[in-house]
Amino acid sequence: MRRALVGLSSRSQKLRRLPGSVLSMVLLPVVLVALVGCSAAASAPESSVKNTEASADPSSNPALSGTIVVDAAASLTGSFTAIASAFKALHPDVTVTLNFGSSAALASAIVAGAPVDVFAAASATTMATVTTAGLTATPPKVFARNSLEIAVPPGNPGKVSGIRDFGDSAKKIALCAPQVPCGAAAAIAFAAAGVTPAPSTLEQDVKAALTKVQLGEVDAAMVYRTDVIAAGSKVIGIEFAESAKAVTSYPIAPVTKRANSASAAAFAAFVLTPAAQTILANAGFQAP
Amino acid sequence: MTGTEPTSTEPTGHTGLRARFRVDRPGFSLDLNLRVFPGTVTAIVGPNGAGKSTALRVLAGLVLPATARVSLNGRVLEDSATGVWRPPADREIGVVFQDYLLFPHLTARDNVAFGLRARGTPKARAAQLAEDWLDRLGIGHRSDALPRQLSGGQAQRVALARALILEPKLLLLDEPLAAIDAELRVAVRAQLAESLHDFGGATVLVTHDPIDAMLLADELIVLESGRITQLGSPLAVAATPATDYVARLVGLNLLRRASGTVTFAPPECRLSRSQPDDSAAVACTVRGVEQLGGRLRVHLATMDTSGSVGYDAHPNDPAPPGQLLIAEVSLQSLFELRPVAPGPDTSAAFAKAGLLATGQPVWLSTNYPDGDKSESRES
Amino acid sequence: MRVSKHPSRVGTRVRFAVSGPEDHGVGLPGVLWLPAILALAFLALPLVALITRVPWATLPTLLAAPEIGTALGLSLLSASLATLLSLIFGIPLAWFLARSGRWPPAVRRLLRAVVTVPLVLPPVVGGVALLLLLGRRGLIGQYLNAWFGLQLPFSTAAVVIAETFVAMPFLVLAVEGALRGADRRFEQAAATLGASRWYIFRRITLPLIAPGVTAGAVLCFARALGEFGATITFAGNFPGTTQTMPLAAYLALETNPDAAYVISLVLLAVAITVLFSLRERWIRGVSA
């Protein structure tokens, strides 16, 4: 129950920051899937809590307390909600406030002075914005990788079979805009496949692209594997070979000049522990 | 030109306006029966709320009456018995509204041409006819002006031209002079009278101003609380008011007594504090005093003298109490009663001195104790 | 004599000269100055802040980017069409709302609520609703697709539809207010002159409410020009087809904030110029 509340409140924060991604909020089925997804994923850490304690890594420091704000890429919504719960089980005195949004927008906010303790980005580029500004306390560590997958509506009405179909102008295709990470990754994949895509729309983020698939407005979209898994039966995922050329890495780093740097460091470290990695793996992420 | 007798050889039932209708509103009903012959003007006069404007709006087709039969030159405009109802556009009527309702965004010419344009007359032709009408009414030089640039008199003539250009069989005028400044009123009224004289159709005019009604109309209809209380030529109505309202309208007092009704003009009155020899004197109470030039206008009400000792006047010819009367007396005649130094506010001085205070009893006698039909002479 | 001194009895002449020397001495009470100035500052200062961030040195280069011209042209075209559609359909609707005196109050309240819905609905939700109605699997859209091969999403038509949906209520409410305030006796006068209802509406009613229509159209155009959420959701984002200025600004913010500031500046300048000149012209047209 508490997890569900965490999920909702973090979404409402996202709503303020990023009007476009409210899209997922309005689709009740998507919200339900997300909630079900995170509670399912959350069942894993409960059993592995003991392991974590035994390993005596920094995150098990019992003296931690206070509040930390974690800014994470929108694609981490489900898994980070579960990871925060698991972290909370270890450190009951620490309150974790999650804030999800587009990596670029979050990075700009941090550079502009937003009170953030931990930043988990969806690309090395966006993390670099923060690092270049000298705002990372320790060098960023890659904690997960995500690869692209083709999402098609159930029944595959456009009869899409692979990345070649993205060059077919007769098909309705949604891509992420080149300015956002999923679009940049897709561009690499298309280059590797030698395909010139003919998209109908360049969506502002991956969730928006996925929504177009779920509503059946497009025949296919290029999204992350994690998004296909989170969408459950609403979409069908199609893997393709060239996705290996466009793997996205997710770095995480505590942000400097924050009062609660101990808890922030602990959280950043916790994401790399087996407990958190299991959650991420369940959501479709690959190990770093 | 009394309008009560058809002068032509046309069949009487088929010329002019015949209207009989009834309008029911919560707390108010209007019942009217009127007949207006072509070339004549009938004025409906009455106090505010009598239903004058409603009557006009029924004739115009803007108010749906409970029951009605209205015909114009033999053509049925509406008949509640047969369900006939013609919309305003199909009545061959022209209306000059109170405040004229000139379309504020159109020039005088376009206002006048509006009806023709609405009926499909080509633009140039309609504009030419509109100019002709404005010329005829003496305001051709204002044809490019917008309504807000026109004086009240000019606006009235534009409104008249707008109605007359369609050659209506019936012209309806709602308080056509109410918006005219007092100093221009005489001239504007004269022009209006001329225009109405030239108009060959039937005219119904609504006004609260007795002078307008007397000077413009061939026939008066007095409407009070939705009912006709008197009708006839202006001369006849003025000479023999049938109600207090009409009497007041024509500036006369109407006094009902056991012996009959007498009318007399306010200047024909005399006031005294003690009972005069005049056996016809009436006991009254003062309701108020206003100064009118060098004279005082005293508002009175007949007194209830039954059972009061000392006021057993006119026992053979009692006047029911509560009748409102007006007496106009000179200051001098009052000084004789009670000398008070004349000042800037003489009426207030009198009131202070105890004379002509509200509620005070006075005796009213007239120069015509027999109750002659008044042809007001100065006393 | 007293009659002539009483303004309301002088009639037509005074009625139209409403403002004038009488206003003297009943100006803004002192206590209202402070909130008025604060309100103005609150509205204006964010724009000032935006302008201070515009990179004036690189402005010419950024402005020369063809995407800006394309997006600007599309924005002006679609906002103009949306305003036109709103006028064509919104004025009759306003007429029904204003003149529905004989309908039960509950029906009128319901109708007004329906008209107001797009104002309170988050635009992104409005976009989803439009997809669910007009998308290729939507309530109506599926038949448009099956019978006419018509697919609205991802087209310029979809941009116009989304903008109309969001902006039309402004026009309807403004025109309805104007109709309620209009003196219906002018229409009666026109009726006695033999004008048909349609002729009265065109030649009398419409000119009389022109200031209200102008105000409504200006609001409507402004709202359409700035429309983001419903557009990107229903119409998608593709340069030249559906990418309007607000969409371009949003995506530029992801990678190139300077470009975003420039786009915002251009949008602002164009909006102010267009609204100002339109308003001047229309008002002159009405009163002259």
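The values are calculated or read from the model by the stated rules, or taken from the named source; none is laboratory data. Remember, it's a predicted structure, so these values are computed and weren't measured experimentally. Note that each Cβ is placed from the backbone with ideal geometry, even for glycine, and that neighbours are counted across all protein chains shown.
Overview of results
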{"item": "Selection status of B:Arg91, at pLDDT below 95, facing another protein chain (nearest Cβ under 9 Å) and closer than 20 Å to B:Leu17 by Cβ", "result": "yes"}
{"item": "Looking only at region C:199-241, and only at residues there that are over 14 Å from the mean Cα position of the chain (by Cα) and of a type in the set (D, E, K, R), the one that is nearest to the other protein chains (Cβ to nearest Cβ)", "result": "C:Arg203"}
{"item": "Qualifying helices (runs of 4 or more DSSP H) (wholly inside region B:196-259; at least 3 residues being in the same structural domain as B:Leu72 (by TED's automatic domain parsing) and under 22 Å from B:Ala182 (Cβ atoms))", "result": "B:210-216"}
{"item": "Number of the condition not met by A:Ala283 [criteria: (1) in contact with a strand residue (DSSP E or B) (Cβ under 8 Å, 6 or more places away or on another chain); (2) closer than 22 Å to A:Gly101 by Cβ]", "result": "(1)"}
{"item": "Residue under evaluation B:Leu166, criteria (1) of a type outside the set (Lys, Arg); (2) more than 10 Å from chain C (Cβ to nearest Cβ); (3) in contact with a strand residue (DSSP E or B) (Cβ under 7 Å, 6 or more places away or on another chain), criterion not met", "result": "(2)"}
{"item": "Check on C:Ala248, touching a residue at least 60 places away in the same chain (Cβ under 8 Å), farther than 30 Å from A:Ala122 by Cα, within 14 Å of chain A (Cβ to nearest Cβ) and more than 16 Å from the chain's Cα centre (by Cα)", "result": "no"}
{"item": "Filter result for C:Ala113 (in a helix (DSSP H, G or I), within 13 Å of chain A (Cβ to nearest Cβ) and either more than 28 Å from A:Ala198 (Cβ to Cβ) or out of contact with any Ser or Thr (no Cβ under 8 Å at 6 or more places or on another chain) (or both))", "result": "no"}
{"item": "From the options A:Ile110, A:Ile68, residue that is in contact with a Phe, Trp or Tyr (Cβ under 7 Å, 6 or more places away or on another chain), in a helix (DSSP H, G or I) and either assigned by TED's automatic domain parsing to the domain that holds A:Ala177 or farther than 20 Å from A:Val206 by Cα (or both)", "result": "A:Ile110"}
{"item": "Condition check for B:Glu183: out of contact with any Cys (no Cβ under 7 Å at 6 or more places or on another chain), part of a helix (DSSP H, G or I), within 14 Å of chain C (Cβ to nearest Cβ) and not aromatic (Phe, Trp, Tyr)", "result": "yes"}
{"item": "Selected residue [surrounded by fewer than 24 Cβ atoms within 10 Å (Cβ to Cβ) and at pLDDT 90 or above] from B:Glu183, B:Glu167", "result": "B:Glu167"}
{"item": "Enumerated helices (runs of 4 or more DSSP H) restricted to region B:51-152, each holding at least 2 residues that are over 26 Å from B:Phe28 (Cα atoms)", "result": "B:108-118, B:123-136"}
{"item": "Flag for A:Val228 being touching a residue at least 40 places away in the same chain (Cβ under 8 Å) and either among the basic types (Lys, Arg) or not in a helix (DSSP H, G or I) (or both)", "result": "no"}
{"item": "For B:Leu101: the one exception among (1) crowded, with 24+ Cβ neighbours inside 10 Å; (2) in contact with a Gly (Cβ under 9 Å, 6 or more places away or on another chain)", "result": "(2)"}
{"item": "Qualifying residue in region B:361-374 (condition: modelled with pLDDT of 75 or more and surrounded by fewer than 18 Cβ atoms within 10 Å (Cβ to Cβ))", "result": "yes"}
{"item": "Tally of residues being aliphatic (A, V, I, L, M), more than 9 Å from chain C (Cβ to nearest Cβ) and crowded, with 24+ Cβ neighbours inside 10 Å across region A:190-219", "result": "4"}
{"item": "The one condition in (1) closer than 21 Å to A:Ala244 by Cβ; (2) not in a loop (DSSP other than H, G, I, E, B) that A:Leu202 fails to fulfil", "result": "(1)"}
{"item": "Evaluation of B:Arg20 against (1) of a type in the set (D, E, K, R); (2) surrounded by fewer than 18 Cβ atoms within 10 Å (Cβ to Cβ); (3) touching a residue at least 60 places away in the same chain (Cβ under 8 Å) (one fails), failing number", "result": "(3)"}
{"item": "Subset of region C:46-88 (residues that are without any contact (Cβ under 8 Å) to a residue 60 or more places away in the chain and under 25 Å from C:Leu206 (Cα atoms))", "result": "C:Leu84, C:Ile88"}
{"item": "Single unsatisfied condition, A:Ile229 versus (1) among the hydrophobic types (A, V, I, L, M, F, W, C); (2) within 15 Å of the chain's Cα centre (by Cα); (3) farther than 21 Å from A:Pro154 by Cα", "result": "(3)"}
{"item": "Number of positions in region B:113-130 that are of a type in the set (Gly, Ala, Ser), within 16 Å of B:Ala163 (Cα to Cα) and surrounded by fewer than 21 Cβ atoms within 10 Å (Cβ to Cβ)", "result": "1"}
